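Novice: Provided herewith is a single structure, encoded as structure tokens, for subsequent inquiry.
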Amino acid sequence: MVPAVRLRDAVSLAGRFPLLAGVTLDVAEGEVVHLRGPNGAGKSSLLRLCAGLAAITSGTAVVLGHDLRADRQSLRREVGLLGHASFLYDDLSVERNVVFAVRAAHADVAGVDDALDRLGLVGRLRTTLVGSLSAGQRRRTALAVVVARAARLWLLDEPHAGLDGEGRTLVDDLVRDASRRGTTVLLASHELDRAAGLADRTVTVVGGRVVDGEQPVGRPGPGTSGVVGARPGGLDTADADEVGCDVA
Amino acid sequence: MSLTTTPTTRATAAAGAGRTGADRPGNGAPGARAAKVEGRRGRRRSDVALTAVGVCALVGVLVTVWLGLWVTPPDRFMGNLVRLLYIHPSIAWVMYICYGVAFLSSLAYLWPRTRSLRFDKLAGASSEVGVVFTGLTLVTGSIWGRPTWGTWWTWDPLLTTTALLFVLYLGYLAVRRIPGEPEVCAKRSAIAAIVAFVDVPICYFSVLWWKSLHQPPSIADPVTGKTYIHGSMAWTLLLSFVSFTLVYVWLVARRYRLFVLAEREGDEGLALALAERRAESREAQA
Amino acid sequence: MWRDALLVAGKDLRIEARSKVALGQVVPFALVVVLLFGLALGPAVGRGSVLSQAAPGLFWVAVLLAAVLAVQRSFAIEALDGASDGLRLSGLDPAGIFVGKAAAVAGQLLALEVVLAGAVALLYDRHLAGGLLLAASCVAATAGLVAVGTIYGVVSSGARQRETLLPLLFFPMVAPILLAATKSWDAALAGTPGRGIAWLDVLAVFAVAYLAMGTVAFGPLLEDA
Amino acid sequence: MNGYVEAGYVVGLGTLAAYAASLAVRERAARRRVGAGPAGTPFVAGTSHARVPGPDGAAGPEPVTGAPPDPASGDRR
């Protein structure tokens, strides 16, 4: 079995600054991993690396079977990244934004409606320009994109930030649902309790490296192949692959 | 369709990026010291060679000036003005070498098998020197044109294209200064160099037609002066070509070394930053 | 690639339809330029006046100036709210993005050229003869302009000083277009379209060369931005 | 002669000399900056590419799926 994410001593630079200073991390398929660490530790960069946005300078990185040293492009359709920026066009309506992102990923547009409903973007909100949305609504739209793209790997950077109580619960539900369908989730968050409750495992990132929790739960050491970490209600990966591309 | 989508290209590109570090002495962990010593000796040898080229260039240019200003006779038609033709054509010639080298090394950088930051540095050095020589070509040509044609400037195809070359490559140098990681900048600049280079012939032929469709060329090409040259004049011209080419080699080598130093500085900064970051994480682990 | 191109072009044009930047700012800007030329070279109008004689050249200079703005706008859209990452994250084929963005800008520029041609005919008092050649050179020149513009748009989008870098890169590159398009219009307006055909060829060669180059080079350039 | 010739020579050669001098100055400044860094830092950790040393100066990257380019075989071009 190929793990969803497999990093070995991955270094990623921004100009001459090492964002990641040698990350080693394994994430099994279908696992929910919580990334914690101080500001500037490299959590966001780690997510960007896994999304195929940041280039890897040394070490190896294989995400969803794509070797990032060789090809970062074909990976991108299969991941959903919720970053600090929302990747939305201000002058397009909520619905248009989501439809564009879904079409671009060659995913099924049929899922857009459900995703928008799920995130409470209903009625007039759908035809509202993203530029005139509140920060929270914008965040929800960005989440709708991630959901509607039916990605195999979710990379969520502070998903709870800027959301109201209901929205936060919604994020939790979305993550649980996704994980039930076999989606792998990497979640960077400062809300330790909330995120830990969601995650199968917590990984600590400091100084551009993973200092704690490199391996999935129940796996002895690096390089050993094993089964998905024990997790209540975890699906078999074979199943996950089949279901993984549909959105409730 | 694009370079990026072909996995093989990208794979080799990655492998290429993996070896770009190898052109610096002392790269690689084991035996770094030995490599460094060897590198130092190599540098000393190249220093000597560079100094030799510099001395030759200087002597060549001085002799050219001496021959050109004092020894050779004035031309039958152009009088003393012919003396400008001992430097102007050779400067223009060097300009073409500059852009030719910049273009070829940009191609070499983009070609996955020969990808190496050396070619990027060479392209950068050569084009910067090229811009200097283009400026000089324009200025010396203009100074020659004023008494000969009675005007500082004429919309001659060669002149117009040269002026466009000047601004095109100023733009290219600006692209080179966009910050980023070395490989990223190198690829971007290499593409920009090729995009700019392709424009040059199109420019030249457009301007040629532009002129020919409107008025017959009333002014002789500056190079036609060569037809009347013999004896000491020919030798002076030849010497001028050789010595300005040496000047080019020397300048490019010096500029190249500057790039190497800048790169080394960046590497040292990176090594420090990397060490600091790792210390941070080690502290957290402990 | 064509599917992605259509998607991107549709998105860009929809954004333009909403925000009306080209309509509300770029077109008025081009008209201002035409007026300024009138002030600089006027006030005489009519056959034989400087303005009337120079009309084709002035028209194309105005188009060039507007083209830079249009290209800048096209990439400003992508830079909003981190969306430049979004374009890469979208998983779209880079060649498709290139063609799509170029097509969207081309559409806007062609519309602008129609308006501007009317303004030039009116203000500089020049009868627009040889419509077919005029239109053909507009299409070919615009294709070349947007190809170069989109290549350099993505190159300069990586730079912090992109507003000043793009014109420096763009204008020298499109000098042949200015020359050929002006001559072609000259020939058409003078009633000798035969002389314009050669210039049309230049425009076509330029457009084909840079469209091809952009399709290949856009991917690597986008990755690096 | 006639002024133009002298002007041409002075401008041409003067510019080249000035450019060469500027290169020399920049090179000296750059050398000083590089020298000021940690004495003779070899570029081991250098940009990376080939081999960034592991946390404790040990083992480089361990091969995962698809062998990574072997730094040792990297030709010294």
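The values are calculated or read from the model by the stated rules, or taken from the named source; none is laboratory data. Quantities reported herein were computed from a predicted structural model and do not represent experimental measurements. Cβ sites come from the backbone with ideal geometry, for glycine too, and all protein chains shown count toward neighbours. Surface accessibility is based on the protein's heavy atoms, side chains included, excluding ligands, DNA and RNA. Shrake-Rupley method; radii C 1.70, N 1.55, O 1.52, S 1.80 Å.
Novice: For the stretch A:101-136, give me each residue that is under 19 Å from the mean Cα position of the chain (by Cα) and open to solvent by less than 60 Å² (accessible area, probe 1.4 Å).
Specialist: Result: A:ALA101, A:VAL102, A:ALA104, A:ALA105, A:ALA107, A:GLY111, A:VAL112, A:ALA115, A:LEU116, A:LEU119, A:GLY136.
Novice: Within the stretch B:160-186, which residues are at the interface with chain C (Cβ under 7 Å from one of its Cβ atoms), under 16 Å from C:GLY153 (Cα atoms) and assigned to a helix (DSSP H, G or I)?
Specialist: Correct list: B:LEU168, B:GLY171, B:ALA174, B:VAL175.
Novice: Additional query: Check B:ARG282, B:ARG255, B:ARG277, B:ARG264 and return the single one that is over 14 Å from B:ALA57 (Cβ atoms) and within 21 Å of the chain's Cα centre (by Cα).
Specialist: Details: B:ARG282 fails: within 21 Å of the chain's Cα centre (by Cα); B:ARG277 fails: within 21 Å of the chain's Cα centre (by Cα); B:ARG264 fails: within 21 Å of the chain's Cα centre (by Cα).
Step by step, each of B:ARG282, B:ARG255, B:ARG277, B:ARG264 is checked, and only B:ARG255 is over 14 Å from B:ALA57 (Cβ atoms) and within 21 Å of the chain's Cα centre (by Cα).
Novice: Residue by residue through the stretch A:43-61, note down the ones that are within 16 Å of A:THR24 (Cβ to Cβ), in contact with a helix residue (DSSP H, G or I) (Cβ under 7 Å, 6 or more places away or on another chain) and part of a loop (DSSP other than H, G, I, E, B).
Specialist: A:ILE56
Novice: Is there a residue being within 30 Å of C:ARG3 (Cβ to Cβ) and surrounded by fewer than 22 Cβ atoms within 10 Å (Cβ to Cβ) anywhere in the stretch C:122-138? Explain how you work it out, then say what you get.
Specialist: At the first step, the residues of the stretch C:122-138 found to be within 30 Å of C:ARG3 (Cβ to Cβ) are C:135-136, C:138.
If we keep only those that are surrounded by fewer than 22 Cβ atoms within 10 Å (Cβ to Cβ) too, we end up with C:135-136.
Yes, the stretch C:122-138 contains a residue that is within 30 Å of C:ARG3 (Cβ to Cβ) and surrounded by fewer than 22 Cβ atoms within 10 Å (Cβ to Cβ).
Novice: Just one of A:HIS84, A:HIS66 is within 13 Å of chain C (Cβ to nearest Cβ), surrounded by fewer than 22 Cβ atoms within 10 Å (Cβ to Cβ), touching a Leu at 6+ places or on another chain (Cβ under 6 Å) and not basic (Lys, Arg); which is it? Even if it seems obvious, please write down each step before you answer.
Specialist: Numbers: A:HIS84 fails: touching a Leu at 6+ places or on another chain (Cβ under 6 Å).
Checking each option against the conditions leaves just A:HIS66.
Novice: Could you tell me how many of the residues in the stretch C:151-204 are outside any helix (DSSP H, G or I) and more than 10 Å from chain B (Cβ to nearest Cβ)? Before you say what the answer is, go through the steps one by one.
Specialist: Initially, the stretch C:151-204 is screened for residues outside any helix (DSSP H, G or I), giving C:158-161, C:174, C:190-192.
Then drop every residue that is not more than 10 Å from chain B (Cβ to nearest Cβ), which leaves C:190-192.
The total comes to 3.
Novice: Which is over 22 Å from D:VAL34 (Cα atoms) and either away from chain A (no Cβ under 14 Å) or modelled with pLDDT under 90 (or both), of B:TYR256, B:TYR248? Spell out how you get there, then give the answer.
Specialist: Numbers: B:TYR256 fails: over 22 Å from D:VAL34 (Cα atoms).
The unique qualifying residue is B:TYR248.
Novice: Looking only at the stretch A:11-21, decide whether some residue is open to solvent by 10 Å² or more (accessible area, probe 1.4 Å), under 13 Å from A:VAL205 (Cβ atoms) and more than 10 Å from chain B (Cβ to nearest Cβ).
Specialist: Scanning the stretch A:11-21, I find no residue that is open to solvent by 10 Å² or more (accessible area, probe 1.4 Å), under 13 Å from A:VAL205 (Cβ atoms) and more than 10 Å from chain B (Cβ to nearest Cβ), so the answer is no.
Novice: Let me ask you something else. Quick one: in the stretch B:108-120, of everything that is buried (at least 24 other Cβ atoms within 10 Å of the Cβ) and of a type in the set (D, E, K, R), which residue is modelled with the highest pLDDT?
Specialist: B:ASP120
Novice: Pick from the stretch A:87-100 the residues that are among the hydrophobic types (A, V, I, L, M, F, W, C) and free of Cβ contacts under 8 Å to residues at least 24 places away in the same chain: which of them is nearest to the other protein chains (Cβ to nearest Cβ)? Even if it seems obvious, please write down each step before you answer.
Specialist: If we filter the stretch A:87-100 for residues that are among the hydrophobic types (A, V, I, L, M, F, W, C), which is where we start, we get A:87-88, A:92, A:94, A:98-100.
When the remaining residues are screened for being free of Cβ contacts under 8 Å to residues at least 24 places away in the same chain, the result is A:99-100.
Values: A:VAL99: 10, A:PHE100: 5 Å.
Looking at residues that are among the hydrophobic types (A, V, I, L, M, F, W, C) and free of Cβ contacts under 8 Å to residues at least 24 places away in the same chain, I get A:PHE100.
Novice: Mind listing just one residue for me: the one in the stretch A:22-41 that is open to solvent by 10 Å² or more (accessible area, probe 1.4 Å) and part of a loop (DSSP other than H, G, I, E, B) and, of those, nearest to A:ALA195 (Cα to Cα)?
Specialist: A:GLY37
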